[in-house]
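Beneath this line is the structure, given in structure tokens, with notes to follow.
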């Protein structure tokens, strides 16, 4: 077990933001959650998969919705509703714990991202639970079924869903993860594009084969490399790639950027003009909340899950 200091937590979230490839929520808001929990005197305790008791229960709290800004007209629809006053994911986590009638041991992130990982850290700290050093995605993903949980056949239900207005529901059963995605997305669309969720309840023993171990430590390593590289005025792309056992794909300047909000997702394309050794080339990235496919000179260069 490791107690995480403020700098550790910041490094983790910067690493998660990089790994999030455009998704996973706002880093600024994520850091604010960390500051709030620390100001409340809460502790952040990180445990490895091997440290979790076999029968201990772990749940996965997170936020789900579109990252697109609302129009003024859409904002008006929510103007007269009450506000919860805390994170909907914390309420969802507490509602699921109450429904199960058994105290949870810890929380695990649903994806690596500047805000969604912070949500899991925050929920664990505020609840006095442990943070699991693992993740079911290794990056940010657009849909609920895009996880190693799905690949390992770990059921998503029962699940709790809550919004910022105080509405909450328990989904006792669901046909499959695709139906869960449709149901939660519909609730998000009706909830200012954002809901808190807690799902994929599992014992420590069951979790072993269902997630990517040491994922938080991996993000921590990348975030630390980013911070130290910035302090020493080094090439940040190279520093981050080296820390993450990756490599540089392209360098250039953004020349065009388009996006649209549709069905609870943000879709769009980024166009990049090459510089330096890439000067004669162009790069195009298509995203669905997160970067999904990239083309170099109109030929596919990299796709998820790479």
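The values are calculated or read from the model by the stated rules, or taken from the named source; none is laboratory data. In this text, all values refer to a predicted model and were calculated from it rather than measured experimentally. Methodologically, a virtual Cβ is constructed for each residue, glycine included, from the backbone with ideal geometry; neighbour enumeration extends over all protein chains shown.
A few points about this structure:
- Those residues of segment 246-290 which are surrounded by 11 or more Cβ atoms within 10 Å (Cβ to Cβ), part of a loop (DSSP other than H, G, I, E, B) and without any contact (Cβ under 8 Å) to a residue 12 or more places away in the chain, in sequence order: 246, 248
- Taking the conditions (1) assigned to a loop (DSSP other than H, G, I, E, B); (2) in contact with a helix residue (DSSP H, G or I) (Cβ under 8 Å, 6 or more places away or on another chain); (3) more than 26 Å from residue 205 (Cβ to Cβ) in turn, residue 55 satisfies each one other than (3).
- The sole residue among 294, 225 that is modelled with pLDDT of 95 or more, touching a strand residue (DSSP E or B) at 6+ places or on another chain (Cβ under 8 Å) and either assigned to a loop (DSSP other than H, G, I, E, B) or buried (at least 18 other Cβ atoms within 10 Å of the Cβ) (or both) is 294.
- Qualifying positions in segment 114-137 - in a loop (DSSP other than H, G, I, E, B) and crowded, with 18+ Cβ neighbours inside 10 Å: 114, 115, 129, 133, 136, 137
- Filter result for residue 196 (touching a helix residue (DSSP H, G or I) at 6+ places or on another chain (Cβ under 7 Å), surrounded by 13 or more Cβ atoms within 10 Å (Cβ to Cβ) and not assigned by TED's automatic domain parsing to the domain that holds residue 102): no
- Residue within segment 211-220 that is more than 16 Å from the chain's Cα centre (by Cα), surrounded by 24 or more Cβ atoms within 10 Å (Cβ to Cβ), modelled with pLDDT of 95 or more and within 28 Å of residue 47 (Cβ to Cβ) present: no
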